[in-house]
Amino acid sequence: MKDIYLSIVIPVYNEQESLNALSDRLMPVLEKLKKSYEVIYTNDGSKDNSLAILKALQKKYPKHVRVIDFSGNYGQHMAIMAAFAESRGEVVINLDADLQNPPEEIPKLLGKVEEGHDVVGSYRLERKDHAWRHWGSCFANKVRGAITDAQMSDQGCMFRAYTKPIVQQMVEGGENSTFIPVLAWRLAENPCEVGLRHDERSQGDSKYGIYELLRVAIDLATNFSLVPIHFFTFFGMIISGCSFLLVIYMFARRILIGPEAEGVFTLLAIIIFLISVAIMGIGIIGEYVGRTYQAICKRRYSIRQIIQDKSVSKE
Ligand code: UDP
Ligand code: MG
């Protein structure tokens, strides 16, 4: 079995405009390293021409390129996980297909791994995204920092390097958690971070609209800790304690002074507040129930085919 030093993992969802440009920049960088390498693309159920382009790239570089073809759209993190499971490299580096992560920065990540770090995180120097995304992710970062023990500066940047044992643990862990940077950070013994260039999206639009970003934020808050639900339980206990005292007070007042009519709106406000708290609680509980359901189902993604050289399949 041929040992592979470096695996590059790239999730692809409707990226027909950037794939060739990406490959033209990526392959020379990898050749220059003078190490054995493979590039694994996961086609995450693209509806455009991406699969055909990936097949052509695999034909062009049969010894280096492998393509995992999903039978549907399972999301960026699942696409990365599937490629992790297939990867053979001692070091695995993940980057986006839209050229926001310049392939020329790969040696920087690799250098850090060679210094002995098992997870090399990254933060985006001069992030090139809409300002609202920047603020949103700063906020999400703060929340995550407060409720998980992973202290990192930019969880949203997927351009990262991992050593084989870390990748294997993530794959074997079988966790449904979709947040690869945080997952890896918690497994790491000697992590570090580097600042990497971040470019504008070369073509097309971000695959993350407000809905997807909100999903990611909720995932992040509930995936790695029970702090949100604990917080809610404590909050609920305090509120119900206070409202119980209020009920006793109202009851005593009614007996001693007589019924009051003016306070109706105050009561209404309190009731609405309590109802909204209850709804929020149901939502949070729902998150955990949903997660349990997913864990029971276990099926994380389904692969239609893997397109690769025969020599790889034989190993
Ligand atoms: N992606 C994917 N599946 C999805 C959404 C995105 O594989 O359902 C890929 C996408 O093709 C790209 C990477 O994940 O390579 C990052 O996506 P995008 O650039 O849209 O995210 P952003 O940079 O805006 O955070
Ligand atoms: Mg992008």
Exercise for the section: Name, by its number, the condition in (1) at pLDDT below 85; (2) away from ligand 2 (no atom under 16 Å from the Cβ); (3) open to solvent by 10 Å² or more (accessible area, probe 1.4 Å); (4) not basic (Lys, Arg) that does not hold for Glu126. Expected result: (2)
Handout entry: Complete set of residues in the stretch 218-270 that are open to solvent by 70 Å² or more (accessible area, probe 1.4 Å), closer than 30 Å to Lys142 by Cβ and aliphatic (A, V, I, L, M)
Key = Leu226, Met237, Ile238
Fill in the blank from the handout: Exactly one of Val194, Val119 is more than 13 Å from ligand 1 (Cβ to nearest atom), modelled with pLDDT of 90 or more, more than 23 Å from Tyr13 (Cβ to Cβ) and in contact with a Pro (Cβ under 7 Å, 6 or more places away or on another chain), and that one is Val119
Handout entry: Residue list for the stretch 44-84, filter: touching a helix residue (DSSP H, G or I) at 6+ places or on another chain (Cβ under 6 Å) and farther than 18 Å from Gln308 by Cβ
Key = His77
Exercise for the section: Might you let me know whether the stretch 233-240 holds any residue that is more than 17 Å from Gly286 (Cβ to Cβ), touching a His at 6+ places or on another chain (Cβ under 6 Å), outside any loop (DSSP other than H, G, I, E, B) and not acidic (Asp, Glu)? Expected result: no
Completion exercise
Over the stretch 261-315, the set of residues closer than 30 Å to Ala52 by Cα, among the aliphatic types (A, V, I, L, M) and modelled with pLDDT of 85 or more is Ile303, Ile306, Ile307
Practice task
Return only the number of the condition from (1) touching a Leu at 6+ places or on another chain (Cβ under 8 Å); (2) open to solvent by less than 30 Å² (accessible area, probe 1.4 Å) that His64 does not satisfy.
Solution key: (2)
Exercise for the section: Output the residues belonging to the stretch 30-53 that are over 19 Å from Met81 (Cα atoms), under 26 Å from the mean Cα position of the chain (by Cα) and not hydroxyl-bearing (Ser, Thr, Tyr). Expected result: Leu30, Lys47, Asp48, Asn49, Ile53
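Taking the options Ser71, Ser87, Ser36, name whichever one is among the polar types (S, T, N, Q), touching a strand residue (DSSP E or B) at 6+ places or on another chain (Cβ under 9 Å), surrounded by fewer than 19 Cβ atoms within 10 Å (Cβ to Cβ) and in contact (Cβ under 8 Å) with a residue 60 or more places away in the chain.
Among Ser71, Ser87, Ser36, only Ser71 is among the polar types (S, T, N, Q), touching a strand residue (DSSP E or B) at 6+ places or on another chain (Cβ under 9 Å), surrounded by fewer than 19 Cβ atoms within 10 Å (Cβ to Cβ) and in contact (Cβ under 8 Å) with a residue 60 or more places away in the chain.
The values are calculated or read from the model by the stated rules, or taken from the named source; none is laboratory data. Keep in mind it's a predicted model, so treat the numbers as computed, not measured. So basically every Cβ, Gly included, is an ideal-geometry build from the backbone, and we count neighbours across all protein chains shown. Keep in mind that these areas ignore ligands, DNA and RNA; they rest on the heavy atoms of the full protein, side chains included. Shrake-Rupley method; radii C 1.70, N 1.55, O 1.52, S 1.80 Å.
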